[in-house]
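Engineer: I have a structure here, written as structure tokens, and I will follow up with some questions on it.
The values are calculated or read from the model by the stated rules, or taken from the named source; none is laboratory data. These numbers come from a predicted model, not from an experiment. Cβ sites come from the backbone with ideal geometry, for glycine too, and all protein chains shown count toward neighbours. Surface areas here come from the heavy atoms of the whole protein model, side chains and all, with no ligands, DNA or RNA. Shrake-Rupley method; radii C 1.70, N 1.55, O 1.52, S 1.80 Å.
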Amino acid sequence: MNILILGSGGREYSIGLAISKEIEEHNLFFMPGNGATDNLGTNINIKYYNDLALWAKENLIDLTIVGPEAPLVDGVVDIFKENGLTVFGPSRAASQLEGSKVYMKNILKKYNIPTAAFIETTNEKDAHDFIDTMTAPIVVKADGLCGGKGVIITQSKEEAKEAASDMLAGTSFGDAGTSIVVEEFLDGYELSIFAICDGENYKVLPAAQDHKRIGDGDTGPNTGGMGAYAPTPLVNDDIYKKVEERVIKPTLEGMKQEGAPFEGVLFIGVMVVNGEPIILEYNVRFGDPECEILMPLLETPVSELFYKGATKQLDKLDIKIKNEFGVAVVMASKNYPYGSSEPAEIIVDEIVDEDILENTHISYAGVEKDGDKLFATGGRVLLCVGFGTSIKEARDRAYALCGQVHFAGKKIRTDIAYQALK
Ligand code: AMP
Ligand code: GLY
């Protein structure tokens, strides 16, 4: 097939890498891709989605896979479908599950899906009155997309009121915060569960854990994610079953009733509280870095999974997952997540250890090419990914690979998967 992948991160690289390893040969195109995706296929750069759809038609693209949320919320899937193209991802309407926290919370409420008690409002007094009925910690969220930064966990009512007032006044998150959600704090452990959906049917992937804070022991500011592993032993069949029955099925049914059937990747952010899965949020695409371990753990060809997802044939697919564990360690640049860093050349040692060579790989993210050299130019630069028959073995291999990859200012967390190993 001719396959187009939208996005430029480690997530999109890992989708491309998995497809490039399939038995069947495919031609890969990335828009815009990064300094390493052009080793897997061809990077293209077309700014407007209408032009991109025309290009896809002219170039006989059989399947388009959309990585990040922004093009989905902008309606790229609708434009591609109007042009008769096969595309895997949710429509603009269905993407509101991620594009608007107010929309998401109202869907959860309407279809009785377990989530933190909340109010949504555009009114300061309503927010303050609700906060007065709560006990801290209290969570205040901006409605719109804020690149993962629109959530504030406050430790007192006063702090919560201030956060709510700042958001509503548009001072902290601009227009994204003029509508807000105030909700109770959930105390538990977090999971990322992904369901591949075709509007009607779904396939659940092994549960993963992300590591959102910059520092070891979950300290410091939030990031896009500093590492992930899967499958996590923190999930048992009971939790998977509850997530399917109480969350995935009613969501797919509800979205059909709303006239916005959900096709694509439903990313379920779960907090497990006393053994019960409670929904923190939905995203409408793969997590990054979770995708980088889930793609290589799939035995089913990734292109087939997404093609069947895009053509309402998931009921005809028997999804197979490798009997292995994966651990991904993000290597970030010096000033991440505070600011950008000077470009730094990336040097990867020749890897002679057969064990490392066979059971690890790099997934490239914020990199640019200059001649035959690769430079770290983004915040999250690359991921060292390891596999093994246990989480410990996979993690040891990922960290062994980290020791062989160098650039000035490289920064990693040293405790990825700690919750599974403690
Ligand atoms: P969200 O973008 O809604 O997933 O929020 C970002 C992060 O904030 C989540 O991954 C959680 O770690 C945390 N968070 C969000 N909502 C809550 C909540 N109600 N209780 C506890 N932690 C939360
Ligand atoms: N890893 C979390 C996210 O992609 O939002």
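Engineer: What are the trypsin sites (Lys or Arg not before Pro) within the range 29-83 that DSSP puts in a loop, where the Cβ has at most 14 other Cβ atoms within 10 Å?
Structural biologist: The qualifying sites are Lys47.
Engineer: Kindly state, to the nearest 0.05, the FRET efficiency for Lys392 paired with Asn222, given R0 = 25 Å and r defined as their beta-carbon distance.
Structural biologist: Approximately 0.40, to the nearest 0.05.
Engineer: Could you please report the charge total around Asp216, scoring K, R as +1 and D, E as -1 over all other residues with beta-carbon less than 10 angstrom from its beta-carbon? Kindly include the intermediate steps, with their values, before the conclusion.
Structural biologist: Numbers: positive: Arg213, Arg413; negative: Asp218, Asp415.
That works out to 0.
Engineer: Identify all aspartates and glutamates with a Cα-Cα distance to Lys47 below 17 Å; exclude those on the same chain that are fewer than 8 residues away in sequence.
Structural biologist: By straight Cα distance, Lys47 reaches Glu58, Glu69, Asp74, Asp78.
Engineer: Suppose the chain between Asn335 and Asn323 were pulled fully straight at 0.36 nm per residue; how much longer would it get relative to their current alpha carbon spacing? Intermediate values should be presented prior to the final figure.
Structural biologist: Details: separation 12, 0.36 × 12 = 4.32 nm, distance 3.72 nm.
So the extension gain works out to 0.6 nm.
Engineer: Here is a further query. With every protein chain kept in the model, how would you rank Ser192, Ser172 by accessible area, 1.4 Å probe, largest at the top?
Structural biologist: My answer, sorted largest first, is Ser172, Ser192.
Engineer: Could you state the orientation-averaged shadow area of the convex hull built on the Cα atoms of the range 75-211, in nm² to one decimal?
Structural biologist: Projected area, direction-averaged: 10.0 nm².
Engineer: Give the shape of the range 166-256 as rounded, prolate or oblate, defined through the alpha-carbon gyration tensor: a ≥ b ≥ c are the square roots of its eigenvalues, a/c under 1.5 means rounded, and otherwise the shape is prolate if a/b is larger than b/c and oblate if not.
Structural biologist: In terms of gyration-tensor shape, oblate.
Engineer: Please report the projected area of the range 281-323's Cα convex hull averaged over all directions, in nm².
Structural biologist: Averaging across all directions leaves 3.8 nm² for the Cα convex hull.
Engineer: Per DSSP helix of 4 or more residues, -39500 (n - 2.57); summed, then divided by the residues of the chain. What does that give at 222 nm, rounded to the nearest 500?
Structural biologist: -8000 deg cm²/dmol
Engineer: Stretch Asp74-Thr171 to full length: gain in nm at 0.36 nm per residue minus the Cα-Cα span? Show your work: numbers first, answer last.
Structural biologist: Values: separation 97, 0.36 × 97 = 34.92 nm, distance 2.40 nm.
Additional length available on full extension: 32.5 nm.
Engineer: Residue by residue through the range 68-83, which ³J(HN,Hα) values in whole Hz follow from phi under the Karplus form 6.51 cos²θ - 1.76 cosθ + 1.60 (θ = phi - 60°), with glycine and proline marked x?
Structural biologist: After applying 6.51 cos²θ - 1.76 cosθ + 1.60, I find x, 6, 4, x, 5, 5, 6, x, 4, 5, 4, 5, 5, 5, 4, 8 Hz.
Engineer: May I ask you to give the percent of accessible area on the chain that is carbon plus sulfur, with a probe radius of 1.4 Å?
Structural biologist: Details: 8430 of 17660 Å².
Whole-percent figure for carbon plus sulfur exposure: 48.
Engineer: Suppose each label sits 7 Å from its Cα in the direction of the beta carbon; what would the Glu158-Leu421 distance come out to in nanometres?
Structural biologist: Computed distance between label sites Glu158 and Leu421 equals 4.2 nm.
Engineer: Per residue, what accessible area does the range 49-171 have, given a 1.4 Å probe and all protein chains present, in Å²?
Structural biologist: Per residue, the range 49-171 has an accessible area of 44 Å².
Engineer: Hey, another quick one. Quick one: work out the % antiparallel among DSSP beta bridges in the chain, nearest 5.
Structural biologist: 80 percent
Engineer: 7 Å from Cα along Cα→Cβ at both Glu342 and Thr42: what's the point-to-point distance in nm?
Structural biologist: Simple spin-label model gives 3.8 nm for this pair.
Engineer: Of the listed peptides 348-359, 128-139, 200-211, 379-390, what is their order by residue-averaged count of other C-beta atoms within 10 Å, with the highest listed first? All intermediate terms of the calculation are to be shown ahead of the outcome.
Structural biologist: Numbers: 348-359: 12.5, 128-139: 15.7, 200-211: 20.8, 379-390: 23.5.
Taking the mean over residues of other Cβ atoms within 10 Å, the ranking is 379-390, 200-211, 128-139, 348-359.
Engineer: If you build the convex hull over the alpha carbons only and average its shadow over all orientations, what do you get for the range 16-90? Give it in nm² to one decimal.
Structural biologist: Details: hull surface 20.1 nm².
Mean shadow area of the hull around the Cα atoms is 5.0 nm².
Engineer: Once R0 is set to 41 Å, what does the formula 1/(1 + (r/R0)^6) return for the Cβ-Cβ distance between Lys57 and Ala117, expressed as a FRET efficiency to the nearest 0.05?
Structural biologist: 0.30
Engineer: Each residue of the range 34-47 in order: what ³J(HN,Hα) in whole Hz does its phi give by Karplus 6.51 cos²θ - 1.76 cosθ + 1.60, θ = phi - 60°, with x for Gly and Pro?
Structural biologist: Ordered by residue, 3J(HN,Hα) equals 9, x, 10, 5, 6, 7, 9, x, 10, 7, 10, 9, 10, 6 Hz.
Engineer: In the chain, how does Rg compare with the Kirkwood Rh, expressed as the Rg/Rh ratio over alpha carbon atoms?
Structural biologist: On the way: Rg = 21.0 Å, Rh = 22.0 Å.
Computed over Cα atoms, the ratio is 0.95.
Engineer: Using the basic label-point model (7 angstrom from Cα toward the beta carbon), what is the Thr300 to Lys242 distance in nanometres?
Structural biologist: It works out to 2.5 nm between the two label points.
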